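> Please find one structure pasted underneath; my questions will follow.
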Amino acid sequence: MNILYDEQIDGALPEVDKTALLQALRSQWPALEILHQREDLAPYECDGLSAYRTTPLLVVLPRHLDEVQGILRTCHEMSVPVVARGAGTGLSGGALPLEKGVLLVMARFNNILHIDPAARTARVQPGVRNLAISQAVAPFGLYYAPAPSSQIACSIGGNVAENAGGVHCLKYGLTVHNLLKVEILTVEGEHLTLGSDALDSPGFDLLALFTGSEGLLGVITEVTVKLLPKPQTAKVLLAAFDSVENAGRAVADIIAAGIIPGGLEMMDNLAIRAAEDFIHAGYPVDAEAILLCELDGVEADVHEDCIRVRQVLENAGATEVRQARDEAERVRFWAGRKNAFPAVGRLSPDYYCMDGTIPRRELPGVLQAIAQLSAEYGLRVANVFHAGDGNMHPLILFDANQPGELERAEALGGKILELCVKVGGSITGEHGVGREKINQMCAQFNSDELTLFHAVKAAFDPGGLLNPGKNIPTLHRCAEFGAMHIHAGQLPFPELERF
């Protein structure tokens, strides 16, 4: 079932007079950069999910807050949909534009406004890169903990919109756990502050509600993040296994031992070989799976934990356990994992990255099921996981130039996400729903839950103009999706309410 916006099932969009909109924006903001020619719009047709493209009506690139306010107010008055975009690295089509809408690019809001070493906070604009925060606060012995693999490029505004995680979220949490405050503009251009400079604020936790809302509730204009002191030391253990099942069991055993690693990542053989060929990280290419386990903190505690983790890994069937000999080798071990996505891209013209989550105890069985689905659909799958928190990133390899392969990859990805739901997990861990997983939301949630989501959206954006068609499917779409998946007279997950 097509994931691109379909007005018949996703809701009719207002007709927009492009000339009148251009005139209205230019008359108010003569210096505002507006792109409207086809060749200028082409670079903005997609985000990191490049398999799907739509040409926006206009692209606006403001530099000042009053320009953003003016754009939102004008679009609201003229009933023009608005899609906010940061660095465009998102992998779920969350910033996929609309043919009848404005793409609001916030990348030029890229200033770090204030660093408070004593309070361990930083106040930044939404276009600031994730990694740039840690680089800026490093002289104070601090860093920003959430570290998505795209941290060198992704923006903090996008991180908030998707509630990004990364390799360290098992111990240090997702974006939502590392925020104090966000400043936003509503669709009408009204300024709101969610959260406060205090560790807790009275009333409903609207900051948590907004984080991960994927641009449906407002446009982020400023973010205050929490900072952490750099650990005294960090050590990485690399363990090789002769089966992915044993590696999966080792993950559960480490957590069961009461050890919370700073990072606990898993890669299967296909991903190992790709990363080693690309980065030369020193991975054992004959292993069926590897685990990377980082332990950080006080030197004495880390030393003791390394001994305990090594014992757990060996008891779980590790064929080899190596500890990084120095900081350079530790960085190489992590470089292989953080470059797994582009490395896998060398194996196939295209790949489709999934983002489901599962309970850790289900990892061995789910890996077996993915292998069976891979064989059934005739497409290779490289598995990369934030294993510690059960966040899976199966990479489905395909060639979009071969007729039907993209559709087959989509179908396989959908099956993997539905498998996650079946075992008690969810269809997304950190990439967001966007357009990519809009159909699988119908398997995750029932009609009452989706109706509640729509009510929250309407409270912030009554006209439905902010990022329409993302994150929350219409009941019509779910009905169409359900009708396509009847087998032997029965829908999958029959215990879920249908429409």
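The values are calculated or read from the model by the stated rules, or taken from the named source; none is laboratory data. The model shown is predicted, which means the values in this text are computed figures rather than measured ones. Methodologically, a virtual Cβ is constructed for each residue, glycine included, from the backbone with ideal geometry; neighbour enumeration extends over all protein chains shown.
> Quick one: how many residues across the stretch 335-348 are modelled with pLDDT of 95 or more and more than 15 Å from D277 (Cβ to Cβ)?
Here the count works out to 0.
> Run down G365, G388 and say which single residue is surrounded by 20 or more Cβ atoms within 10 Å (Cβ to Cβ) and in a helix (DSSP H, G or I).
Matching residue, one of G365, G388: G388.
> Which condition number does Q28 fail, the rest of (1) surrounded by 15 or more Cβ atoms within 10 Å (Cβ to Cβ); (2) closer than 26 Å to P462 by Cα; (3) in contact with a helix residue (DSSP H, G or I) (Cβ under 7 Å, 6 or more places away or on another chain) being met?
Result: Q28 passes all but (1).
> Give E304, E276, E245, E222 a once-over and let me know the one that is in contact with a Lys or Arg (Cβ under 9 Å, 6 or more places away or on another chain) and surrounded by fewer than 24 Cβ atoms within 10 Å (Cβ to Cβ).
On the way: E304 fails: in contact with a Lys or Arg (Cβ under 9 Å, 6 or more places away or on another chain); E276 fails: in contact with a Lys or Arg (Cβ under 9 Å, 6 or more places away or on another chain); E245 fails: in contact with a Lys or Arg (Cβ under 9 Å, 6 or more places away or on another chain).
Just a single option satisfies the conditions, and that option is E222.
> While we're here: For the stretch 115-127, check the following and say yes or no: at least one residue is crowded, with 19+ Cβ neighbours inside 10 Å, part of a helix (DSSP H, G or I) and not acidic (D, E).
There is no residue in the stretch 115-127 that is crowded, with 19+ Cβ neighbours inside 10 Å, part of a helix (DSSP H, G or I) and not acidic (D, E).
> Exactly one condition in (1) within 30 Å of D197 (Cβ to Cβ); (2) outside any loop (DSSP other than H, G, I, E, B) is not met by R63; state its number.
Of the numbered conditions (1) within 30 Å of D197 (Cβ to Cβ); (2) outside any loop (DSSP other than H, G, I, E, B), the odd one out for R63 is (2).
> Let me ask something else about it. Report the residue count in the stretch 9-40 for those that are part of a helix (DSSP H, G or I) and either closer than 15 Å to V80 by Cα or free of Cβ contacts under 8 Å to residues at least 40 places away in the same chain (or both). Break it down stepwise before answering.
Keep residues of the stretch 9-40 that are part of a helix (DSSP H, G or I), which gives 9-10, 18-28, 38-40.
Next cut, either closer than 15 Å to V80 by Cα or free of Cβ contacts under 8 Å to residues at least 40 places away in the same chain (or both) only: 18-27, 38-40.
Residues meeting the conditions: 13.
> Further, regarding this structure: Report yes if V160 is of a type in the set (A, V, I, L, M), out of contact with any strand residue (DSSP E or B) (no Cβ under 7 Å at 6 or more places or on another chain), assigned to a helix (DSSP H, G or I) and in the same structural domain as T211 (by TED's automatic domain parsing), otherwise no.
Values: of a type in the set (A, V, I, L, M): yes; out of contact with any strand residue (DSSP E or B) (no Cβ under 7 Å at 6 or more places or on another chain): no; assigned to a helix (DSSP H, G or I): yes; in the same structural domain as T211 (by TED's automatic domain parsing): yes.
When the stated conditions are applied, V160 does not pass them.
> Right, here's the next one. Scan A198, A147 and give me the residue that is crowded, with 20+ Cβ neighbours inside 10 Å and without any contact (Cβ under 8 Å) to a residue 60 or more places away in the chain.
Values: A198 fails: crowded, with 20+ Cβ neighbours inside 10 Å.
None of the other options fit; the residue is A147.
> What are the residues in the stretch 330-359 that are surrounded by fewer than 19 Cβ atoms within 10 Å (Cβ to Cβ) and under 15 Å from E245 (Cα atoms), if any?
Matches in the stretch 330-359: P359 only.
> Being part of a loop (DSSP other than H, G, I, E, B) and touching a Gly at 6+ places or on another chain (Cβ under 8 Å) is the filter; apply it to the stretch 211-226 and report the residue that is farthest from A145 (Cα to Cα). If you could, list the steps in order and put the result at the bottom.
As a first pass, look at the stretch 211-226 and keep what is part of a loop (DSSP other than H, G, I, E, B): 211-218.
Okay, now just the ones that are also touching a Gly at 6+ places or on another chain (Cβ under 8 Å), so 212, 214-215.
On the way: G212: 17, E214: 21, G215: 23 Å.
Selected residue: G215.
> Could you count how many residues in the stretch 34-47 are among the acidic types (D, E) and surrounded by 14 or more Cβ atoms within 10 Å (Cβ to Cβ)? Step through it out loud before you land on a result.
First pass over the stretch 34-47, keeping only residues among the acidic types (D, E): 39-40, 45, 47.
With the extra rule that they be surrounded by 14 or more Cβ atoms within 10 Å (Cβ to Cβ), the set shrinks to 45, 47.
Residues meeting the conditions: 2.
> What residue, of G86, G90, G11, G94, is surrounded by fewer than 20 Cβ atoms within 10 Å (Cβ to Cβ) and under 22 Å from L217 (Cβ atoms)?
Numbers: G86 fails: surrounded by fewer than 20 Cβ atoms within 10 Å (Cβ to Cβ); G90 fails: surrounded by fewer than 20 Cβ atoms within 10 Å (Cβ to Cβ); G94 fails: surrounded by fewer than 20 Cβ atoms within 10 Å (Cβ to Cβ).
G11 is the lone residue from the list that is surrounded by fewer than 20 Cβ atoms within 10 Å (Cβ to Cβ) and under 22 Å from L217 (Cβ atoms).
> Please count how many residues of the stretch 310-321 are surrounded by fewer than 17 Cβ atoms within 10 Å (Cβ to Cβ) and either under 30 Å from the mean Cα position of the chain (by Cα) or farther than 17 Å from D268 by Cβ (or both).
Adding up the residues that qualify gives 3.
> Restricting attention to the stretch 451-467, does a residue exist that is within 19 Å of L91 (Cβ to Cβ), in a loop (DSSP other than H, G, I, E, B) and modelled with pLDDT of 95 or more? Outline the logic, then answer.
Going through the stretch 451-467, the residues within 19 Å of L91 (Cβ to Cβ) turn out to be 467.
Add one more test, that the residue is in a loop (DSSP other than H, G, I, E, B), and what stays is 467.
From what is left, the residues that are modelled with pLDDT of 95 or more are 467.
Looking through the stretch 451-467, at least one residue is within 19 Å of L91 (Cβ to Cβ), in a loop (DSSP other than H, G, I, E, B) and modelled with pLDDT of 95 or more.
> Checking S374 against (1) without any contact (Cβ under 8 Å) to a residue 40 or more places away in the chain; (2) in contact with an Asp or Glu (Cβ under 7 Å, 6 or more places away or on another chain); (3) small (G, A, S), which test does it fail?
(2)
> May I ask you to list pairs of residues, at least six apart or on different chains, whose Cβ atoms are under 8 Å apart, with the first in the stretch 103-132 being over 19 Å from A145 (Cβ atoms) and the second being of a type in the set (D, E)?
L113/E222; Q125/E222
> Here's another thing I want to ask about it. Going by the conditions given, is A208 assigned to a loop (DSSP other than H, G, I, E, B) and either more than 16 Å from the chain's Cα centre (by Cα) or without any contact (Cβ under 8 Å) to a residue 60 or more places away in the chain (or both)?
Details: assigned to a loop (DSSP other than H, G, I, E, B): no; either more than 16 Å from the chain's Cα centre (by Cα) or without any contact (Cβ under 8 Å) to a residue 60 or more places away in the chain (or both): yes.
So A208 does not fit the description; no.
> Residues in the stretch 74-128 that are within 20 Å of the chain's Cα centre (by Cα) and farther than 13 Å from V225 by Cα: how many?
21
> Could you list all residues from the stretch 256-273 that are touching a Leu at 6+ places or on another chain (Cβ under 8 Å), of a type in the set (A, V, I, L, M) and surrounded by fewer than 24 Cβ atoms within 10 Å (Cβ to Cβ)?
Listed by number, the residues that qualify are I259, I260, L270.
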